[in-house]
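Report on the following structure.
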Amino acid sequence: MRTHQFDVVVVGAGGAGLMAALYASRTASTAVISKLYPTRSHTGAAQGGVGAALGSDEEDHPEWHTYDTVKGSDYLGDQEAIEFMCSEAVPAVYELEHMGLPFSRTPEGRIAQRPFGGHTNNKTGKPVRRACYAADRTGHMILQTLYQQCIKNKVNFYDEFQVTDLLLNNGAAAGVVALELATGELHVFHAKAVIFATGGHGRIWEITSNAYAYSGDGVAITLRRGIPAEDMEFFQFHPTGIYKLGILITEGVRGEGGVLINDKGERFMERYAPTAKDLASRDVISRAMYLEIREGRGIGGKNYMYLDIRPETVNKYAALDGRKRTDGSPYLITSEEILAKLPEIIDFCRTYMGVDPVSQPMPIQPTAHYAMGGIPTNKYGEVVIDERNSVMPGLYAAGEVACVSVHGANRLGTNSLLDLLVFGKYSGLRAAAFAQGAGFQPLPEDPTDFTRAQFDTILNNGGTEKAADIAAEMKRVMNDHVSVFRTAEGMQLALDKMRELQERFKKVQVGDRGKIFNTDLLNTWELGNLLELAEVTTASALSRQESRGAHAREDYPRRDDANWLKHTLAWKEDCKIRLGYKPVEITKYEPKERVY
Amino acid sequence: MQVRLKVFRYNPEKDKKPHYETYTLEVQPTDRVLDLLEHVKNYIDGTLSYRRSCAHGICGSDAMRINGRNRLACKVLVKDVGGSKITVEPMLGLRVIKDMIVDMEPFFEHFRSVMPYFVNDDPPPKRERLQSVEQRERFDDTTKCILCAACTTSCPSFWANEKYVGPAAIVNAHRFIFDSRDQAGAERLRLLNDQFGVYRCHTIFNCTDACPRDIQVTQAIGEVKRAIATGRID
């Protein structure tokens with residue numbers, strides 16, 4: 001065992017972790033610990049854009065962005081935090097540009113912006129160009145740019161170190177334990193402040209856009225140390241994943257004029273969202289697709305739809321909608337323009353489906369995409385651990401792993417990249433400031449005992465269960481019963497199943513007994529995390545007897561503000577889940593019916 | 001369909017030297033080579049080791065040699081390999097740690113050596129620095145790099161001398177040298193005008209063939225060479 005000491009330790013090296021590290025390292029000794037090389041992080045898979053009301057070529061305001069985000073959240077988002085994020089958005093995007101981020105440009109040389117779902121001109125209700133983009137590689141550019149800046153600023157990295165435990169003492173953070181993949185050795189990172197930025201957990205579902213690495217490590221680790229998870233029932237299903245594979249096809253396709261088509265050739269979103277149509281919120285569109293499929297209007301009667309970006313289709317519907325370019329001319333696009341603006345998704349479709357989107361529609365289905373829930377924080381990234389929002393000293397979370405909550409029950413596209421910039425920055429600043437005024441909490445006597453016990457259970461239980469079988473069953477059951485539409489019956493079945501699978505997991509067999517790059521052991525440990533989160537997700541969902549945002553129940557089809565305008569908190573205690581609730585912060589926008 | 005997957009195996013805790021193992025698998029033509037490796041790891045031999053994360057060609061974790069050419073295992077489908085025999089080996093030129101896992105540190109060291117970050121010491125404007133569509137397009141190709149190392153480890157000059165910075169580092173220098181907003185182009189050109197810099201490139205084009213992002217790597221290196229020779233960046 002080796003021990004290191006830093007003022008601030010950042011766990012995870014995606015956008016939020018790198019942003020936190022850039023800011024914390026200005027004034028505090030800082031280390032970034034990541035199970036992947038930083039540029040492998042899932043931020044790099046984000047495509048369409050980062051939301052900010054720059055108004056590059058049409059009227060827009062942070063206030064409009066705030067309202068759209070509140071509405072998109074189905075009024076579950078905390079309004080002060082949302083207002084904070086949306087006003088910070090504009091300087092955050094300019095800061096990225098000043099760091100060299102290669103945004104696409106307008107003819108005037110400004111940062112290019114495109115329309116995205118749920119982002120509107122608040123006067124007309126029509127889509128507004130608010131997503132600042134670099135082709136369809138915006139996340140890649142953000143990740144690369146932040147990593148480049150970390151190199152420039154000589155940030156300390158511990159690459160390919162898997163954090164396995166959070167150390168607490170006297171009710172405050174004391175550090176983390178990590179396993180070095182290359183040696184199998186355990187390291188203790190003694191720190192005054194710990195920032196979790198470990199991303200999401202979409203791998204609990206069968207069809208997902210998420211990386212293998214998205215195994216919910218941060219929430220699982222903190223749950224085991226008595227910290228609650230907030231709003232876990234709210235998980236976003238993105239409407240357009242590649243059929244069967246789940247790989248993301250950006251909403252930017254629809255921003256550029258692409259439309260969703262059913263088996264009868266209809267643009268069915270006209271019936272579900274008469275104003276925003278194909279640019280309604282993601283939850284609204286995923287539900288519409290499920291309903292169409294249920295009515296037998298999936299393509300060939302199957303469980304998928306078409307996303308059509310062929311120029312003839314786009315131009316036909318743009319004319320019907322009266323869509324104009326910024327110079328007032330009719331919106332007409334060519335194949336060349338599609339290739340230039342959406343090169344990645346064209347490559348994905350050609351590679352994985354043999355479909356060329358310029359001449360053929362893309363087969364797509366909803367895909368598990370983004371965790372609105374996570375470790376509860378306030379708007380500075382400080383982790384809050386109870387119904388009264390009490391801060392745990394020295395502990396921070398940012399990005400997808402955190403629940404501020406700015407996304408509430410449904411996140412708007414482009415707000416995840418924004419979230420990681422703003423809350424990554426503020427968690428880094430706060431952690432560094434805290435470290436300046438605080439001492440180190442003493443380490444526990446045997447800091448690695450809990451980690452060793454977990455690995456020992458996985459390696460030496462004498463069982464014969466296959467991790468892959470358990471994983472496959474978890475994913476299938478979650479996809480069948482805890483996805484776009486839910487019922488009490490289905491969720492109860494899923495909850496029982498997750499508990500049964502956790503029992504089977506205690507008898508899991510790992511083939512690799514070695515020290516060096518034992519990915520078999522680590523993948524199995526990650527599966528343990530996913531099982532915990534699948535259970536918490538299902539228990540939180542089963543209790544919420546209403547439909548709101550991404551949580552749509554067939555047995556409770558309406559939103560119920562009288563009883564459920566509140567955040568869920570879930571604790572894991574003695575192998576049981578305890579649920580509590582805390583109020584939603586409402587400042588300017590009283591909840592009303594949500595129509596697109 | 002059935003394929004015979006022949007896999008390079010080396011476990012430093014057990015093996016004195018590497019060997020190959022062959023697995024006969026029932027697969028779909030549309031399976032990724034990564035799916036085949038996952039199948040072996042999940043159901044046949046848990047010790048099989050490789051890196052992977054996004055599984056759709058964006059994160060750059062799973063670059064390896066597939067039938068002798070550097071590819072991302074998640075971006076090659078069985079039907080695209082051609083034939084029913086697939087051989088999977090680690091990238092060349094970097095030390096093998098275990099199976100397909102190589103030591104990436106020398107690769108990242110070369111990357112860090114070329115100032116792969118934006119430099120502009122003027123106080124930034126209140127809004128963005130303006131850049132025309134054409135200026136932005138000038139370096140578009142090299143912004144696509146995901147640091148998978150497929151190019152560098154396909155380069156005979158890099159195999160011959162590991163001190164050569166390699167194609168990936170030059171691609172990342174190019175990305176900034178030709179960015180109209182950057183101010184450190186001359187310094188990067190000086191760094192690359194070195195015995196282990198651009199002149200190690202003998203335009204063999206392996207790198208361009210290997211790049212999973214279709215970056216015109218050899219062309220980018222040529223542009224850097226020309227900038228050094230002419231003292232002009234354009």
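The single condition among (1) without any contact (Cβ under 8 Å) to a residue 12 or more places away in the chain; (2) within 14 Å of chain B (Cβ to nearest Cβ); (3) part of a loop (DSSP other than H, G, I, E, B) that residue A:57 does not meet is (1).
For the range B:207-217, residues that are closer than 12 Å to residue B:174 by Cα and open to solvent by 10 Å² or more (accessible area, probe 1.4 Å) total 1.
Out of the range B:1-47, which residues are of a type in the set (Asp, Glu), in contact with a Gly (Cβ under 8 Å, 6 or more places away or on another chain) and within 21 Å of residue A:466 (Cβ to Cβ)?
Residues of the range B:1-47 that are of a type in the set (Asp, Glu), as a first pass: B:13, B:15, B:21, B:26, B:31, B:35, B:38, B:45.
Now drop any that are not in contact with a Gly (Cβ under 8 Å, 6 or more places away or on another chain), which leaves B:13, B:45.
B:45 - this is the single residue of the range B:1-47 that is of a type in the set (Asp, Glu), in contact with a Gly (Cβ under 8 Å, 6 or more places away or on another chain) and within 21 Å of residue A:466 (Cβ to Cβ).
Reported count of residues in the range B:119-165, each being in a helix (DSSP H, G or I) and under 25 Å from residue B:234 (Cβ atoms), is 10. Sub-8 Å Cβ pairs linking a first residue in the range B:24-50 that is more than 10 Å from chain A (Cβ to nearest Cβ) and closer than 14 Å to residue B:66 by Cα to a second residue that is open to solvent by 30 Å² or more (accessible area, probe 1.4 Å) and in a loop (DSSP other than H, G, I, E, B), at least 6 apart or interchain, are B:37/B:52, ordered by first then second residue.
Of the set (1) crowded, with 20+ Cβ neighbours inside 10 Å; (2) touching a residue at least 24 places away in the same chain (Cβ under 8 Å), all apply to residue A:340 but (1). In the range B:80-93, the residues that are of a type in the set (S, T, N, Q) reach residues that are not in a loop (DSSP other than H, G, I, E, B) with C-beta atoms within less than 6 angstrom, at least six apart or across chains, in these pairs: B:84/B:3; B:87/B:6.
Across the range A:204-229, the number of residues qualifying as more than 14 Å from every other protein chain (Cβ to nearest Cβ), crowded, with 24+ Cβ neighbours inside 10 Å, touching a strand residue (DSSP E or B) at 6+ places or on another chain (Cβ under 6 Å) and not in a helix (DSSP H, G or I) comes to 3. In the range B:55-85, which residues are crowded, with 24+ Cβ neighbours inside 10 Å, among the aliphatic types (A, V, I, L, M) and assigned to a strand (DSSP E or B)? Within the range B:55-85, B:63, B:64, B:72 qualify. Quick one: in the range B:142-168, of everything that is touching a residue at least 40 places away in the same chain (Cβ under 8 Å) and within 11 Å of chain A (Cβ to nearest Cβ), which residue is surrounded by the fewest Cβ atoms within 10 Å (Cβ to Cβ)? Within the range B:142-168, the match that is surrounded by the fewest Cβ atoms within 10 Å (Cβ to Cβ) is B:144.
When residue A:517 is tested against (1) open to solvent by 10 Å² or more (accessible area, probe 1.4 Å); (2) within 14 Å of chain B (Cβ to nearest Cβ), exactly one condition is not met: (1). Looking across the range A:187-196, the residues that are out of contact with any His (no Cβ under 9 Å at 6 or more places or on another chain) and open to solvent by less than 10 Å² (accessible area, probe 1.4 Å) come down to A:193, A:194, A:195, A:196. Candidates A:405, A:427: the one that is closer than 26 Å to residue A:534 by Cα and either in contact (Cβ under 8 Å) with a residue 60 or more places away in the chain or aromatic (Phe, Trp, Tyr) (or both) is A:405.
Would you pick out the residues in the range A:158-210 that are acidic (Asp, Glu) and within 18 Å of residue A:18 (Cα to Cα)?
Our first condition is that a residue be acidic (Asp, Glu); within the range A:158-210, this holds for A:159-160, A:165, A:180, A:185, A:206.
Scanning the range A:158-210 gives A:159, A:160.
The lone criterion from (1) open to solvent by less than 40 Å² (accessible area, probe 1.4 Å); (2) outside any helix (DSSP H, G or I) left unmet by residue A:424 is number (2). Here is a list: A:552, A:539, A:570. Which entry is more than 27 Å from residue A:182 (Cα to Cα) and touching a Ser or Thr at 6+ places or on another chain (Cβ under 7 Å)? Every option except A:570 fails the conditions.
Taking the criterion of being of a type outside the set (Lys, Arg), more than 30 Å from residue B:1 (Cα to Cα) and more than 8 Å from chain A (Cβ to nearest Cβ), the residues of the range B:93-110 that qualify are B:93, B:94, B:96, B:102, B:103, B:105, B:106, B:107, B:109, B:110.
The single condition among (1) touching a strand residue (DSSP E or B) at 6+ places or on another chain (Cβ under 7 Å); (2) open to solvent by less than 10 Å² (accessible area, probe 1.4 Å); (3) in contact (Cβ under 8 Å) with a residue 12 or more places away in the chain that residue A:384 does not meet is (3).
Search the range B:51-63 for residues being more than 7 Å from chain A (Cβ to nearest Cβ) and not small (Gly, Ala, Ser), and hand back the single one that is nearest to residue B:98 (Cα to Cα). Restricting to residues being more than 7 Å from chain A (Cβ to nearest Cβ) and not small (Gly, Ala, Ser), the top hit is B:51.
For residues in the range A:440-497 being assigned to a loop (DSSP other than H, G, I, E, B) and polar (S, T, N, Q), which is surrounded by the fewest Cβ atoms within 10 Å (Cβ to Cβ)?
A:464
Each residue in the range B:130-141 was checked for being more than 7 Å from chain A (Cβ to nearest Cβ) and among the basic types (Lys, Arg), and 1 of them qualify. Considering only residues that are free of Cβ contacts under 8 Å to residues at least 24 places away in the same chain, buried (at least 17 other Cβ atoms within 10 Å of the Cβ) and in a helix (DSSP H, G or I), which ones fall in the range A:541-591? Scanning the range A:541-591 gives a single hit, A:564. Contact map, the range B:118-129: first residue within 20 Å of residue A:153 (Cβ to Cβ) and facing chain A (nearest Cβ under 7 Å), second residue open to solvent by 30 Å² or more (accessible area, probe 1.4 Å) and outside any loop (DSSP other than H, G, I, E, B), Cβ cut-off under 6 Å, separation 6 or more or different chains; pairs are B:124/A:98.
Quick check on my filter: what residues within the range A:365-390 are out of contact with any Gly (no Cβ under 7 Å at 6 or more places or on another chain) and among the β-branched types (Val, Ile, Thr)?
A:377, A:383, A:384, A:385
In this entry, residue A:287 is excluded by the filter for residues that are closer than 26 Å to residue A:124 by Cβ, open to solvent by less than 20 Å² (accessible area, probe 1.4 Å) and among the basic types (Lys, Arg).
I'd like to know if the range A:74-89 contains one or more residues that are in a strand (DSSP E or B) and within 14 Å of another protein chain (Cβ to nearest Cβ). I'd like the intermediate steps shown before the answer.
Step one: of the range A:74-89, the residues in a strand (DSSP E or B) are none.
Checked against the condition, which is being in a strand (DSSP E or B) and within 14 Å of another protein chain (Cβ to nearest Cβ), the range A:74-89 yields no hits at all.
The values are calculated or read from the model by the stated rules, or taken from the named source; none is laboratory data. In this text the structure is predicted, and so the values were computed from the model without any measurement. Don't worry about glycine lacking a Cβ; one is built from the backbone with ideal geometry, like all the others, and counts go over all protein chains shown. Areas reflect the complete protein model, heavy atoms only, side chains present, ligands, DNA and RNA absent. Shrake-Rupley method; radii C 1.70, N 1.55, O 1.52, S 1.80 Å.
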